[in-house]
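The values are calculated or read from the model by the stated rules, or taken from the named source; none is laboratory data. All values derive from a computational prediction rather than experimental measurement. Note: ideal-geometry Cβ built from the backbone for every residue, glycine included; neighbour counts use all protein chains shown.
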Ligand SMILES: [Zn+2]
């Protein structure tokens with residue numbers, strides 16, 4: 001009888017560590033960075049970025065960058081070192097980057113057919129990279145397989161002032177094409193996503209790039225997988241149509 005209480009305490013402590021290492025770890029498979037203060041500087045408008053007031057879009061056809069989330073994660077530079085182990089979510093026998101890659105490839109072919117220049121980017125964004133549109137493509141994960149839906153976010157600092165327009169047009173087109181529910185749980189991490197946190201990283205898009213991150217659905221949910229894994233063409237159609245709508249609205253296309 002005397003062993004019951006200590007035994008119970010050991011079980012509790014053990015359970016906590018299992019939760020910490022296994023469950024909690026897979027729970028944060030959304031957008032990096034995690035638990036880092038990514039606040040932009042307060043003086044961002046005043047001096048450091050004053051040169052952007054005279055910024056003009058480079059001549060040329062519409063240019064769209066599609067980032068494949070977690071692709072070539074092991075090649076990120078020093079400043080993003082902590083992302084190296086972040087391989088993203090996993091489900092249905094697929095790693096997140098594979099699912100994002102298939103969707104990005106198909107989105108690219110739709111856009112290219114329409115005459116839009118497209119570049120597929122890995123986890124590392126080239127220094128000061130500019131495009132008319134930057135969409136980072138991801139797939140979510142959760143320990144609860146019932147959790148479903150897509151979500152997208154624009155940067156906390158939107159220097160060009162057009163990311164929210166891109167966001168709403170892609171959200172609308174993506175929902176129409178995939179019929180997936182919209183997950184309202186957009187996190188602070190998503191809005192400070194490293195690839196468009198130009199106020200913090202060198203390997204981030206140029207501040208005048210209209211940028212969003214899109215979690216296309218949950219790889220851990222069967223209904224979501226039926227779209228993002230089995231029908232990447234539908235996901236691609238949604239993204240491409242949203243991007244085209246944005247480019248048209250901005251008179252770039
Ligand atoms: Zn991801």
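Here is a yes/no grid of residues against (1) within 20 Å of residue 148 (Cβ to Cβ); (2) part of a helix (DSSP H, G or I):
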position	(1), (2)
198	no, no
208	no, no
215	yes, no
223	yes, yes
230	yes, no
235	yes, yes
238	yes, yes
246	no, yes
252	no, no
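Name the single residue that is farthest from the chain's Cα centre (by Cα) among those in the stretch 71-89 being away from the ligand (no atom under 11 Å from the Cβ) and farther than 17 Å from residue 121 by Cα.
Looking at residues that are away from the ligand (no atom under 11 Å from the Cβ) and farther than 17 Å from residue 121 by Cα, I get 78.
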Q: List every residue pair whose Cβ atoms lie under 7 Å apart, where the two residues are 6 or more positions apart in sequence or sit on different chains, the first residue falls within the stretch 198-215 and is at pLDDT 95 or above, and the second residue, located anywhere, is part of a strand (DSSP E or B) and surrounded by fewer than 20 Cβ atoms within 10 Å (Cβ to Cβ).
A: 205/129; 206/129
Q: Filter the stretch 208-226 down to residues that are more than 16 Å from the ligand (Cβ to nearest atom) and buried (at least 22 other Cβ atoms within 10 Å of the Cβ) and give me whichever is farthest from residue 185 (Cα to Cα).
A: 209
(Q) Looking at the structure I just gave you, is residue 100 out of contact with any strand residue (DSSP E or B) (no Cβ under 6 Å at 6 or more places or on another chain), under 17 Å from residue 67 (Cβ atoms) and either in contact (Cβ under 8 Å) with a residue 24 or more places away in the chain or within 16 Å of the ligand (Cβ to nearest atom) (or both)? (A) no
Q. Which condition does residue 148 not pass, out of (1) part of a helix (DSSP H, G or I); (2) surrounded by fewer than 21 Cβ atoms within 10 Å (Cβ to Cβ); (3) in contact (Cβ under 8 Å) with a residue 24 or more places away in the chain, if it passes all the others?
A. (1)
